[in-house]
Number of protein chains: 2
Amino acid sequence: MKRVKKKIFHDYIAKQGLKSTRQRDIILEAFLSSDRHLSIEELYLKLRAKHPNIGYATVYRTLKLFAESGIAREMQFGDGQTRYEHVGEGEHHDHLVCTGCGAIIEFENETIETLQKEVAAAHGFLIQTHKLELYGLCARCRG
Amino acid sequence: MKRVKKKIFHDYIAKQGLKSTRQRDIILEAFLSSDRHLSIEELYLKLRAKHPNIGYATVYRTLKLFAESGIAREMQFGDGQTRYEHVGEGEHHDHLVCTGCGAIIEFENETIETLQKEVAAAHGFLIQTHKLELYGLCARCRG
DNA sequence: CGCATCATGAAAGTGATTTTCACTAACATA
DNA sequence: TATGTTAGTGAAAATCACTTTCATGATGCG
Ligand SMILES: [Mn+2]
Ligand SMILES: [Mn+2]
Ligand SMILES: [Zn+2]
Ligand SMILES: [Zn+2]
């Protein structure tokens, strides 16, 4: 899993004529071994413990590269911070977001996906991406 | 329609012990007679023509009040600006957003809404709100 | 190695939104 | 109507999450 994503990233770097650097490898390892839906600041703080010399800007730039290479997806859950999640090959899911504790649960629903395509088609739209987020209280926060 | 929303807002203002002001009424009228999905800046610029003395901060504060009172909904379509749309009593819709020209099309789909509730229930979630946005190219932009 | 490029980190810049603060307007009450 | 209390306003400063700049450092093909 990690190996596969590291390879995808390194291949992307090479194909784009970019360089393989110590920082990129450190950030990649930290990202791949972290929880999903990490904000840039969370990842930066986590990194800073072992690597106090890695700059904020480098983390931003590198996460963007991850997204470009296809191993990460940029997400906005309305809390003002961009979050990045891991992306598996050909995988897709949507999210339940707890407004109480911030927990993020992933789900897949083929029927909804199909209906979305139908809606788009009915309006002559060619869908590129979509965002489906259900906000509410998770089982624990409902008390 | 406008009358109803104005009443809802004035009732809300009163109930909260807030004050009815000239600026709020001006902004309310401008909002209600504007296109849907207006950004704060667009509304501010529109207002400034007739009311050059109304401050930016007041427009921000007032639009938030509209959302709190239930006559408006805050939206983020990923272009970095918050937009506000009109909300009718008990009305709900989702959006198709054209990544080419920025057009926003509204749609309703009861089946999707039902499936969302099922997904939430299956995870013990109590849904408060949700966001479903389909991004792609509109019929015109597909050329 | 040599060196053209790309990458990095610190700091400055951006752009949207929020806060501050001195002043003004609402409105309940006298 | 005059007054007092509280909320609202506008201009400007501050914040926040990023993005860019720029001088310096690392990478990697030949
Ligand atoms: Mn996810
Ligand atoms: Mn709408
Ligand atoms: Zn929760
Ligand atoms: Zn279009």
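The values are calculated or read from the model by the stated rules, or taken from the named source; none is laboratory data. Worth saying up front: this structure is predicted, and the values here are computed from it rather than measured. For neighbour counting, all protein chains shown are included, and Cβ atoms are generated from backbone atoms with ideal geometry for every residue, glycine included. These area figures cover heavy atoms from the full protein model, side chains too; ligands, DNA and RNA do not enter into them. Shrake-Rupley method; radii C 1.70, N 1.55, O 1.52, S 1.80 Å.
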Fill in the blank from the handout: Length-normalised contact order of chain B, Cα under 8 Å, at least 6 apart, in percent, tallies to 19 percent
Practice task
Measure off 7 Å from each Cα along the Cα-to-Cβ vector at A:Cys101 and A:Leu45, then give the distance between these two points in nanometres to one decimal.
Solution key: 1.8 nm
Handout entry: Cβ neighbours within 10 Å from other chains - mean over A:89-98
Key = 2
Exercise for the section: Would you kindly work out, in nm and rounded to one decimal, the distances from the label point of B:Leu45 to those of the same position in each other copy, ordered shortest first, with label points 7 Å along Cα-to-Cβ? Expected result: 3.8
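Within the set of other residues whose C-beta is less than 13 Å from the C-beta of B:Gln23, count the net charge using Lys and Arg as +1 and Asp and Glu as -1.
Values: positive: B:Lys19, B:Arg22, B:Arg24, B:Arg48, B:Lys50, B:Arg61; negative: B:Asp25, B:Glu29.
Once positives and negatives cancel, what remains is +4.
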Exercise for the section: Bin all alpha-carbon pair distances of chain A at 10 Å intervals from 0 and give each bin's fraction as a whole percent. Expected result: 10, 34, 32, 19, 5, 0
Handout entry: Euclidean distance of C-alpha centroids, region B:69-128 and region A:1-49, integer Å
Key = 33 Å
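Which number comes out as Rg/Rh for the protein assembly as shown once both Rg and the Kirkwood Rh are worked out on C-alpha atoms?
Numbers: Rg = 22.0 Å, Rh = 21.7 Å.
Reported Rg/Rh (Cα atoms, Kirkwood Rh): 1.01.
Between exposed GluC sites (Glu not before Pro) in chain A, where DSSP calls loop and at most 12 other Cβ atoms lie within 10 Å, what's the longest gap? Don't skip to the end; give the middle numbers.
Working: sites that count: A:Glu89, A:Glu91, A:Glu108.
Result, exposed sites excluded: A:1-88.
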Exercise for the section: Pairs to check: B:Lys6/B:Lys131; B:Lys46/B:Lys131; A:Lys131/B:Lys5; A:Lys6/A:Lys64. Give those whose C-alpha atoms are more than 19 Å from each other in this structure. Expected result: B:Lys6/B:Lys131; B:Lys46/B:Lys131; A:Lys131/B:Lys5
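For chain B, which whole percent of the accessible surface, found with a 1.4 angstrom probe, sits on carbon and sulfur atoms? Don't skip to the end; give the middle numbers.
Details: 3940 of 7780 Å².
It is 51 percent, rounded to a whole number.
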Fill in the blank from the handout: D (µm²/s, integer) via Stokes-Einstein for region A:2-86, Kirkwood Rh across alpha-carbon pairs, 4 °C, 1.567 mPa s: value 100 µm²/s
Exercise for the section: Please give the solvent-accessible surface of A:Thr129 in Å², to the nearest 10, using a probe radius of 1.4 Å with every protein chain present. Expected result: 80 Å²
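Restricting things to alpha carbons, find the Rg to Rh ratio for region B:94-142 using the Kirkwood radius for Rh.
Details: Rg = 13.8 Å, Rh = 12.3 Å.
Using only Cα positions, Rg/Rh for region B:94-142 is 1.12.
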Handout entry: Choice from A:Ala49, A:Ala67, A:Ala103 with maximal GNM fluctuation in chain A (Cα, 10 Å cutoff)
Key = A:Ala49
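To the nearest 0.05, what FRET efficiency results for B:Tyr60 and A:Ser33 with a Förster distance of 30 Å applied to their C-beta separation?
So the FRET efficiency works out to roughly 0.15.
Going from most exposed to least, what order do A:Cys98, B:Cys101 have by accessible area with a 1.4 Å probe?
Values: A:Cys98 5, B:Cys101 70 Å².
Accessible-area ranking of A:Cys98, B:Cys101, largest first: B:Cys101, A:Cys98.
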Practice task
Show which aspartates and glutamates lie in cross-link reach of B:Lys19 when reach means a straight Cα distance below 19 angstrom and same-chain residues fewer than eight apart are skipped.
Solution key: B:Asp11, B:Glu29, B:Glu68
Practice task
Over the whole of B:130-143, what's the average partner chain Cβ count within 10 Å per residue? Rounded to a whole number, please.
Solution key: 6
